[in-house]
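K.L.:
Mind having a look at this structure? Questions to follow.
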């Protein structure tokens with residue numbers, strides 16, 4: 001299934017990486033920064049791509065190659081992922097071109113691939129609400145149709161992001177098993 005619906009990529013990269021010891025956006029992984037990998041992956045499928053920065057935003061902006069992405073800064077990043085999700089959705093609501101759905105991707109998942117994003121994007125519609133699943137376990141990316149943005153923003157709290165909103169609605173699970181590695185980097189390897 002493919003979609004002609006305009007799909008934005010929304011990369012959440014604002015966190016301070018408390019457990020990691022530094023902002024994950026600045027973590028180098030296999031030769032590039034995590035934020036660069038996430039933006040490149042999103043750009044392979046989505047247009048536009050917005051990246052939300054927060055902790056050490058100026059350092060990330062100065063250090064990372066974010067070509068092709070629009071940078072938004074979340075001044076309230078320390079309150080949790082929900083504020084970054086709201087920042088990104090607000091940015092998309094004000095986007096000059098029509099965007100009907102957003103693929104939300106986390107910066108700390110270096111195993112995300114354009115293949116998984118493309119499978120999710122194939123379900124894009126203004127009323128879409130979908131999550132990727134891996135061997136039956138829900139994960140990222142999450143596809144949010146425009147009709148859900150206000151509801152997601154209104155219920156997102158702390159580090160939960162869209163979890164509460166998704167739990168209260170019918171959500172399509174899109175099997176992405178084998179298309180991406182859903183592992184997130186919570187702590188440094190070693």
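The values are calculated or read from the model by the stated rules, or taken from the named source; none is laboratory data. Computed from a prediction, not measured in an experiment: that's the story for all the values here. Because the Cβ atoms are built from the backbone with ideal geometry, glycine has one as well, and the counts that use them run over all protein chains shown.
K.L.:
Find the residue count for the stretch 88-105, including only residues that are closer than 26 Å to residue 33 by Cβ and surrounded by fewer than 24 Cβ atoms within 10 Å (Cβ to Cβ). Lay out the reasoning, then the answer.
P.N.:
Looking only at the stretch 88-105, we keep the residues that are closer than 26 Å to residue 33 by Cβ, and these are 88-92, 95, 99, 102-105.
Narrowing the set further to residues that are surrounded by fewer than 24 Cβ atoms within 10 Å (Cβ to Cβ) leaves 90-92, 95, 99.
Residues flagged as closer than 26 Å to residue 33 by Cβ and surrounded by fewer than 24 Cβ atoms within 10 Å (Cβ to Cβ) within the stretch 88-105 amount to 5.
K.L.:
In addition: Only one of 129, 185 is over 14 Å from residue 10 (Cβ atoms), modelled with pLDDT under 95, within 17 Å of the chain's Cα centre (by Cα) and buried (at least 17 other Cβ atoms within 10 Å of the Cβ). Can you tell me which?
P.N.:
Working: 129 fails: modelled with pLDDT under 95.
Only one candidate passes the filter, namely 185.
K.L.:
Working carefully through the options 117, 66, find the one that is closer than 22 Å to residue 43 by Cβ and not in a loop (DSSP other than H, G, I, E, B).
P.N.:
Numbers: 66 fails: not in a loop (DSSP other than H, G, I, E, B).
Unique residue meeting the criteria: 117.
Yes or no, residue by residue, for (1) out of contact with any strand residue (DSSP E or B) (no Cβ under 8 Å at 6 or more places or on another chain); (2) in a strand (DSSP E or B):
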{"position": "51", "(1), (2)": "no, yes"}
{"position": "58", "(1), (2)": "yes, no"}
{"position": "62", "(1), (2)": "yes, no"}
{"position": "71", "(1), (2)": "no, yes"}
{"position": "85", "(1), (2)": "no, no"}
{"position": "88", "(1), (2)": "no, no"}
{"position": "98", "(1), (2)": "yes, no"}
{"position": "105", "(1), (2)": "no, yes"}
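K.L.:
Looking at the stretch 37-63, which of its residues are surrounded by 23 or more Cβ atoms within 10 Å (Cβ to Cβ) and in contact with a helix residue (DSSP H, G or I) (Cβ under 9 Å, 6 or more places away or on another chain)?
P.N.:
Matches in the stretch 37-63: 38, 41, 42, 46, 49, 50, 51, 52, 53, 54, 60.
K.L.:
Suppose we keep only residues that are part of a loop (DSSP other than H, G, I, E, B) and free of Cβ contacts under 8 Å to residues at least 60 places away in the same chain within the stretch 138-182. Which one would you say is surrounded by the most Cβ atoms within 10 Å (Cβ to Cβ)? So that I can check it myself, show each step before the final result.
P.N.:
In the first step, residues of the stretch 138-182 are kept if they are part of a loop (DSSP other than H, G, I, E, B); the result is 156-162, 168-171, 176-182.
If we keep only those that are free of Cβ contacts under 8 Å to residues at least 60 places away in the same chain as well, we get 168-171, 177-178.
Details: 168: 10, 169: 11, 170: 6, 171: 17, 177: 13, 178: 10.
Only one residue tops the list, namely 171.
K.L.:
Now, a different point. Which one of the conditions (1) surrounded by fewer than 22 Cβ atoms within 10 Å (Cβ to Cβ); (2) modelled with pLDDT under 95 does residue 71 fail to meet, given that it meets all the rest?
P.N.:
(2)
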